[in-house]
Structures are given as C-alpha cells and as structure tokens.
Amino acid sequence: MAFQRLTTNSYAGRRFQQHITTDIANLATPTTRRRRRNNFKLVMSMDNSDATTKVTQYTINDSVCPPTDPDTLTKIVQKHIHALPRYWFSRPVANHTAEAFQEAMDFVNEYREKKQFPDASKVNVILDSGCGTGKSSVILGEMYPNCVVIGVDQSIARLSRNKSYQQSDDSEETDSKKDTSVHTDVQENNINNQDTNQNDNVLLLRAELSDFWKCCLSSTQWQERASIDKHYLLYPNPYPKKSRLKSRFYAHPAFPLLMMTIMMDDDTSDGDVLSAEEDKLVVRSNWEGYLNEFKSAVGIWQDCGGTFSEWTKTYLASDIPNPADGWHPTNESPVKFESGGPNRMDIIIKDDPSLLPMTNFEAKYIECGESIYELTTRVVRSTES
C-alpha cells in the first residue's frame, strides 16, 4: 500500500514507477535478449578457442561491426581504382602538404650529402603514415639507423604532444593550411625513460596523407633519390560503424595511392621476385576484422592489375587521357602480393623485453590486455607475364 500511495500521490513516485516498468520491459525485449545471447556466445567462444584472448573496453569484433560483404568490398575497391584519375586530378595538392613534401625532399638531400651517397644510389626511406605523436617514427629511426624515417600526420596537436620534438621556427601562422612541420633531433629510448640520444634520421611533418603520397608518386626527384623501403600504417582509425566503411583506408579512394607507394621501386620489368625477404607494408590494429578486410582489398588490387609504372606512363605523361574515362589497367605486367597474418603481436611484445610499444595506443592496449594484430604485405612479380 505504501508503494501504491507513493506512485499515485506524488510526481516522483509516478516517475519511479514509470522507470521500473520501462526497465522490466526492456529486459524482456527480443533485441535485448538477442544482444545478450550473442555477447555470451562471443565470450564463450573466445574462452574455448583461445584462452589468451581477452575482451576489453577497446575490443572491436564481429558483434560490434559485422564483416563487410565480400562483393560489396570488391565493388568499392574496383570503383576507386577505375575512378583514380578523377580523384587524382579533382583538386590540387594542399599548399601546406606541398611545402611539407619539399621539406622532406630537402631532408633526404641533406642526408645524402651527410652520408656521402653515390650519385646513382637512393636513400632508403621508412614512411610512417598517420604517425600521431611521432613515438613510432622515433622507434623506427632506432630500428633502421641507416634509413630516413618520415612520419606524417595531419594533426599538429598530436605531433606537438611529444616533448622530445621541437616545432619548426616557422610558426607565424596557425591556420590549418599553414605548414606546421615538426622535426626531431633526439630520440626517446624508453617509454618511462627521458634520456635521449642524438638522432639525425627522423623527420616529422604535418601533411594530408593522400596528398603526400601523390607528391611521392609524381616527383621525379623523389624517385631518383629516395626509395620507400617500408610503409607503416599503425593503428589507423578503424571507423567501426558500417556507415563509415568508405572512411577506412582499404575502402577509401586513396587506397590505390597507398598500394602504389610500395610498388615504386619493385614495379620494374626485370627480375622474378621483388622484395622477397622484406615486408613492404606493415599495418597494425586491435581489430582483426579490419586487417582481414585490408588483406582482401590488397587481393582485389592485385586482381585489377594496377601498377605504378602503367599509371605513370598513362597519367603522368605529357598526353594525359580524359580523367572522366577512368583507369582500366591492362594487367600486361602483373605484380603479385604476399600477405602475412593478421598475426598476434601483443604476446610477442610481452615476451620480448627489448620490444617497445610503438605507439601510445599500442602501450594502452598491451597494458589492459587487449589483443593487437599485424598484417604484412610483400611485393612479388609474377613470372606468368
């Protein structure tokens, strides 16, 4: 009776009864029951199949974002390949990215002079796209002391968070179109160790990734003096919502540009196996499904037969076809790719004290027990041409 008086004689009581009724109804809805059942099955399957797999607040799996239909992914990637001319010529490279690329070119030339490179030889470049705070670029600089490491990110806020870096003196403007490149002369050896060593092979730049890739692909000077030995893409924004599929790198219009950056030196007419011992593209994510679909997109690119040499001869020559006609690769000189993974990396990093988490995301994932994965891709020339 007291409960009845509360619910009938006061506003608070009526609201309380309404919430109780709603909550009880929600417990019984088919959607709620199905969601709880699926989550239970997911946890049980993980516990049964892999005792080391842990579901955390950062976990993205098929229950969060179901896999993309293979036919849908194929149509998207093929569309971006055929529409690449329109995407390439639709707008000029942003001024701040063009200036950042020129700084990268100057950095490579200075490195060549300092190391006394022969005229015919190229500087090996490690490209760290979407480098965030630049921690990964610094670690890569130590891993590859004989290479130039160029970290590129669109956010000066992220780049400037690392105290080991110094912003370029040219900071008169803060507009987003202004070149706000950052470079480093020191390297952080450990996450919790502030001691630094001199490091002259790492450059961080603020630039738009797709525009920066276009600069690399279209610059004759770059192709004569630099070689992208490896391309890292560490923990890109996964965009787990189905509506954001085309924002993911492998379903984005810039995906063909990304693939051609690892073909610039391997896409030649001689030799049977190219880069057979080296991974050219390294992608890491805590979402295994993202890397599986990335791997599928690489296969779709391979089947289309797109090559950097054909793109250069067709669209970067003096007589350029109408971009509206689209690009239809001839597949006359096929290039194949070998992808490894996705493989678990968190276990490897935990078991090897010499391996440092390469990014802040990676450190956070390892600390909370989140699984992380790596996909690698090699370029292999087909002998069936």
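The values are calculated or read from the model by the stated rules, or taken from the named source; none is laboratory data. Because the structure is predicted, anything quoted here is derived from the model rather than measured. Positions of Cβ are backbone-derived with ideal geometry, glycine not excepted, and every protein chain shown enters the neighbour counts. To get the accessible areas, we keep the full protein, side chains included, count just its heavy atoms, and leave off ligands, DNA and RNA. Shrake-Rupley method; radii C 1.70, N 1.55, O 1.52, S 1.80 Å.
Please identify every one of the GluC sites (Glu not before Pro) in region 291-385 that sits in a loop by DSSP and has no more than 16 other beta carbons within 10 Å of its own beta carbon.
On the way: sites: 293, 310, 332, 338, 362, 367, 370, 374, 384; in loops: 332, 370, 384.
Here the GluC sites (Glu not before Pro) that fit, given the DSSP loop and packing criteria, are 332, 384.
Need the C-alpha centroid separation for region 326-353 versus region 79-157, integer Å.
20
What does the accessible area per residue of region 53-123 come to in Å², with a 1.4 Å probe and no ligands, DNA or RNA counted? Write out the running numbers ahead of the final one.
On the way: 4200 Å² over 71 residues.
Heavy-atom accessible area per residue stands at 59 Å².
Using 17 Å as the cut-off for backbone N distance, which residues of region 331-349 belong to the label zone defined by a point 7 Å from the Cα of residue 86 along Cα→Cβ?
none
Heavy atoms only, probe 1.4 angstrom, no DNA, RNA or ligands counted: give me 339, 210 ranked by accessible area, highest first. Walk me through the intermediate numbers first.
On the way: 339 40, 210 20 Å².
In descending accessible area the options line up as 339, 210.
In nanometres, what is the gap between the two model label sites at residue 114 and residue 243, each 7 Å from Cα along Cα-to-Cβ?
4.8
In what order, largest first, do 82, 328 sit by accessible area if the probe radius is 1.4 Å?
Working: 82 70, 328 115 Å².
Listed by decreasing accessible area, they come as 328, 82.
Would you mind checking which residues have amide H under 5 Å from residue 149's amide H? H placed 1.01 Å from N; only 5 or more apart, or other chain.
126, 202, 203
Would you please give the FRET efficiency between residue 124 and residue 314, computed as 1/(1 + (r/R0)^6) with r the Cβ-Cβ distance and R0 = 41 Å, to the nearest 0.05? Walk me through the intermediate numbers first.
Numbers: r = 28 Å, r/R0 = 0.68.
That pair, residue 124 with residue 314, gives E of 0.90.
Would region 276-348 count as rounded, prolate or oblate if I go by the C-alpha gyration tensor, calling it rounded below 1.5 in a/c and otherwise prolate when a/b exceeds b/c, oblate otherwise?
On the way: a/c = 2.92, a/b = 2.38, b/c = 1.23.
Prolate, since a/c reaches 1.5 and a/b exceeds b/c.
Given a cut-off of 24 Å, name the pairs among 246/295; 75/295; 214/242; 54/350; 122/214; 75/230 whose C-alpha atoms lie farther apart than that in the structure shown. Before the final figure, lay out each step's value.
Values: 246/295 16 Å; 75/295 15 Å; 214/242 28 Å; 54/350 15 Å; 122/214 19 Å; 75/230 28 Å.
Pairs exceeding the cut-off: 214/242; 75/230.
Order 117-127, 246-256 from most to least packed using the mean count of other Cβ atoms within 10 Å. Intermediate results must be reported in sequence, preceding the final value.
Numbers: 117-127: 15.8, 246-256: 20.1.
Ranking, from highest mean packing down: 246-256, 117-127.
I want to check the label-to-label distance for residue 344 and residue 78. Put each point 7 Å from Cα in the C-beta direction and report it in nm to one decimal.
3.7
Toward the positive end of the charge dipole of region 76-131, about the Cα centre and with charges on Cβ (Lys, Arg +1; Asp, Glu -1), which of 92, 111, 80 goes farthest?
After comparing all options, I get 80.
What does the charge count around residue 323 come to, taking other residues whose C-beta lies under 15 Å from its C-beta (Lys +1, Arg +1, Asp -1, Glu -1)? Intermediate values should be presented prior to the final figure.
Values: positive: 79, 86, 91, 214; negative: 319, 325.
Neighbour charge sum, excluding residue 323 itself: +2.
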